[in-house]
């Protein structure tokens with residue numbers, strides 16, 4: 001196995017996230033999606049990118065890069081997967097943005113040359129690909145700080161640990177089914193997940209998703225950051241939290257606008273808010289804890305660890321422990337400890353009960369029963385969790401993660 005995610009991608013015949021733009025309408029639709037994400041959720045409106053020096057790590061086919069160019073950014077792209085370079089250049093030429101493509105490099109984050117002066121550093125570093133799989137995390141936080149101007153921004157997409165349960169479960173089901181049937185990755189994915197895949201809007205092909213998630217060795221718990229630890233490490237590396245999606249800052253805090261809370265108080269509020277948002281991240285629905293639940297985080301982490309282990313070797317005893325953790329979640333969701341809309345509560349209860357039924361099927365080992373369940377169970381088909389997180393960090397002289 002290659003020891004880097006970009007090394008894994010180099011071995012593949014398909015690009016992981018390419019949307020196959022056919023014409024102007026595809027780019028317009030993608031720009032609108034990105035505009036809403038960056039303006040409404042990340043508080044980085046397109047005007048901020050006008051004339052900005054932007055460095056993007058892992059642009060893949062360059063479709064997000066095209067949008068930055070449309071917004072007026074001068075783009076330097078670092079894509080270690082050199083098979084993508086021709087696609088990137090073709091996209092920029094086809095949509096008349098070649099002048100905005102300042103440079104296209106094959107280096108990864110750690111190999112990228114550090115500018116020799118503040119003027120050569122970047123206003124924005126965007127890393128929505130593989131950066132979070134580089135361990136330890138402090139390596140890339142420090143390197144990006146060296147590449148970014150004071151006051152500049154680092155935009156990171158990553159798979160968040162507590163939101164990854166359902167993503168990991170898809171890998172468990174896929175691995176178990178392949179063991180039982182001997183099928184190759186793509187036919188197995190189609191037999192199991194075609195209705196689930198078809199239930200969501202997307203531009204990606206299923207073969208790309210299979211490669212990018214189901215058989216990707218870097219979609220594993222050890223590579224998934226946890227928000228509190230990520231913010232603490234960012235603070236130590238000279239960054240402050242500017243924004244995130246989902247929110248990490250305590251959006252329920254109310255005080256006079258002239259009052260400034262010390263960084264220590266903001267960190268405590270953030271830590272509490274993140275802890276009480278764990279179920280929201282796990283289910284991908286609004287489930288805020290009204291109070292701290294003793295032992296809940298330990299139980300959730302055990303559920304995640306057990307699930308991650310089942311990918312490598314399916315074990316009935318470990319599966320039974322997962323069912324026990326799900327029973328606790330079922331009871332918690334029915335209590336007044338969870339603040340949720342009735343429809344969200346009902347949907348998450350349906351999800352939990354679906355997985356309670358799925359584990360025994362996996363243990364019994366009937367491939368046909370597993371496939372039938374995955375293709376027809378509404379709770380399974382409709383649940384995806386919330387593994388996809390964005391964090392925007394700002395480089396500050398006296399940094400505090402708030």
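The single residue among 259, 278, 321 that is within 25 Å of residue 382 (Cα to Cα) and outside the structural domain of residue 366 (by TED's automatic domain parsing) turns out to be 278. Kindly state which strands (runs of 3 or more DSSP E) lie completely within the stretch 45-157 and contain at least 2 residues that are touching a helix residue (DSSP H, G or I) at 6+ places or on another chain (Cβ under 9 Å), surrounded by 13 or more Cβ atoms within 10 Å (Cβ to Cβ) and in contact (Cβ under 8 Å) with a residue 40 or more places away in the chain. Correct list: 53-57, 122-127.
Would the stretch 177-187 turn up any residue that is closer than 27 Å to residue 306 by Cβ, outside the structural domain of residue 368 (by TED's automatic domain parsing) and in contact (Cβ under 8 Å) with a residue 24 or more places away in the chain? No, the conditions are met nowhere in the stretch 177-187.
With respect to the conditions (1) in contact with a helix residue (DSSP H, G or I) (Cβ under 6 Å, 6 or more places away or on another chain); (2) in contact (Cβ under 8 Å) with a residue 40 or more places away in the chain, residue 250 lacks only one, and its number is (2). Considering each residue of the stretch 21-42 in turn, at least one proves to be over 25 Å from residue 86 (Cα atoms) and either outside any helix (DSSP H, G or I) or modelled with pLDDT under 95 (or both).
Tell me whether the stretch 315-322 contains one or more residues that are under 24 Å from the mean Cα position of the chain (by Cα) and in a helix (DSSP H, G or I). Checked against the condition, which is being under 24 Å from the mean Cα position of the chain (by Cα) and in a helix (DSSP H, G or I), the stretch 315-322 yields at least one hit.
On inspection, residue 164 passes the criterion of being within 20 Å of residue 310 (Cβ to Cβ) and either in a helix (DSSP H, G or I) or modelled with pLDDT of 95 or more (or both). Scanning the stretch 326-335 for residues that are more than 25 Å from the chain's Cα centre (by Cα) and not in a loop (DSSP other than H, G, I, E, B) turns up 327, 328, 330, 331, 332. So, in the stretch 348-381, how many residues would count as being touching a residue at least 60 places away in the same chain (Cβ under 8 Å) and in contact with a helix residue (DSSP H, G or I) (Cβ under 7 Å, 6 or more places away or on another chain)? Qualifying residue count for the region: 13. When restricted to residues that are surrounded by 16 or more Cβ atoms within 10 Å (Cβ to Cβ) and over 16 Å from the mean Cα position of the chain (by Cα), the stretch 244-262 contains 2. Taken over the stretch 195-219, the criterion of being surrounded by fewer than 17 Cβ atoms within 10 Å (Cβ to Cβ) and in contact with a helix residue (DSSP H, G or I) (Cβ under 7 Å, 6 or more places away or on another chain) is satisfied by 195, 199, 206, 207, 217. Residues that are over 24 Å from the mean Cα position of the chain (by Cα), over 28 Å from residue 194 (Cα atoms) and crowded, with 18+ Cβ neighbours inside 10 Å: does the stretch 289-300 have at least one? Yes: the stretch 289-300 contains one or more residues that are over 24 Å from the mean Cα position of the chain (by Cα), over 28 Å from residue 194 (Cα atoms) and crowded, with 18+ Cβ neighbours inside 10 Å.
The values are calculated or read from the model by the stated rules, or taken from the named source; none is laboratory data. Because the structure is predicted, anything quoted here is derived from the model rather than measured. Neighbour counts are summed over all protein chains in view; Cβ atoms, including those assigned to glycine, are modelled from backbone coordinates with ideal geometry.
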